1. Report, by chain and number, residues whose modeled amide H sits under 5 Å from the one on T173, excluding near sequence neighbours (fewer than 5 apart, same chain).
2. With springs only between Cα atoms under 10 Å apart, run a GNM on the chain and tell me which of N232, N86, N160 wobbles the most.
3. Please give the contour-minus-distance gain from D187 to N316: 0.36 nm per residue of separation, less the Cα-Cα distance, rounded to one decimal in nm.
4. Take every Cα-Cα pair in the chain and report what % of them are more than 36 Å apart.
5. If the elastic network links every pair of Cα atoms under 10 Å, which of S83, S177, S281 fluctuates the most in the Gaussian network model of the chain?
6. Could you work out the per residue convex hull volume over the alpha carbons of segment 146-280, in cubic angstrom?
7. Suppose all protein chains stay in the model; what accessible area per residue would a 1.4 Å probe give for segment 177-325, in Å²?
8. Per DSSP H run of n ≥ 4, the term is -39500 (n - 2.57); total these for the chain, divide by its residue number, and report the mean residue ellipticity at 222 nm rounded to 500 deg cm²/dmol.
Amino acid sequence: MITRRNLLIGSAAGAAAAVLASRAFAELPPLAKKDKYKVGFAQTESNNPWRLAETKSMQDEAKRLGHQLIYTDAASSAAKQASDVNSMIAQGVDAIFLPPREDKPLVPVILAAKAAGIPVFLIDRDVDHTMAKPGEDYVTFIGSDFIEEATRIGEWLVKNANGKSKIIELEGTTGASAARDRKKGFDDFIAKHPDFKIVASQDGDFTRDKGRQVAETLLQAHPDADIIYAHNDEMALGAIAALEAAGKVAGKDVLIVSIDGEKDGVQAIIDGKIGAICGCSPLFGPKSFATLADYAAGKKIAPFIKNEDHFFDAGNAKKDFALAF
Ligand code: GZL
């Protein structure tokens, strides 16, 4: 019998359910406290030393703590990385560590993991916050402040350019938060220094070979370029190969600045071929698993857990070489 009273009760119950659903949607999945977890780590690719060092750090820490690590390699495909995460969800992992290769295509699977009750921890790269939020859709983002890294490089450059001023920018993977913010940070800084000009900027996909190819093309198009800003050391090292193939002297004809702090990059500072590198450690294992344990223990997790980056130049490269990865 439909009475006004029943209708009111029904609509109240419906409203309550909607509120609960929305609250449930707004809350992160819990993580039970356990000694051993089955954790997914969906790597983007393994085509540069930074990626290999990150993977080793995650695997070593999982082994040290006795956790089972389900590891996948997306071979430079955001679509494959998304399907790798979906397979982890299907396997019922306890939690997922994810460096989203690009800042939009991985959002649906982050939300799918949440809906499946699996907490996601973003490491090394973040997603577009208009699509998914830390503390609501995923636990946190652990990584560097890429805008700060690029700004520190800009500050070093304006102090040490000695009259050089025409910049070729080698960008990281299009869509990656690291590339997006290393571009924004640097370009915004240079815009405040009109005696410097970015004459060309192009995606080198964070790899040495693509970096060399792009540097070759841009140097031919801009023979007056006398500075190269690379979003990572691999592309900077590729640019050095391009310069030397063109009979130019890296560090003399063209000043090179970069980000990461891999051993070959810091050695290039010692050899006078790279001027400065803002470090960006790939060693995420300890902090990732410590954050997971804190989350399981019910501790409040900050939405952004910032890595501090070491800065290398000719003044400390030899002394601090052990900090390179
Ligand atoms: C930074 C990371 C970047 C490195 C590159 O956290 O995403 O990706 O700087 C790597 O070397 O490919």
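The values are calculated or read from the model by the stated rules, or taken from the named source; none is laboratory data. Given the structure is predicted, the values throughout are model-derived calculations rather than measurements. Methodologically, a virtual Cβ is constructed for each residue, glycine included, from the backbone with ideal geometry; neighbour enumeration extends over all protein chains shown. Surface accessibility is based on the protein's heavy atoms, side chains included, excluding ligands, DNA and RNA. Shrake-Rupley method; radii C 1.70, N 1.55, O 1.52, S 1.80 Å.
1. Under 5 Å from the amide H of T173 lie the amide H atoms of D205, F206, each far enough along the sequence or on another chain.
2. N160
3. Residue separation times 0.36 nm, minus the Cα-Cα distance, leaves 43.8 nm.
4. Above the 36 Å cut-off, the chain has 28 percent of its Cα pairs.
5. S83
6. It is 86 Å³ per residue.
7. Value returned for segment 177-325: 42 Å² of accessible area per residue.
8. Computed mean residue ellipticity for the chain: -14000 deg cm²/dmol.
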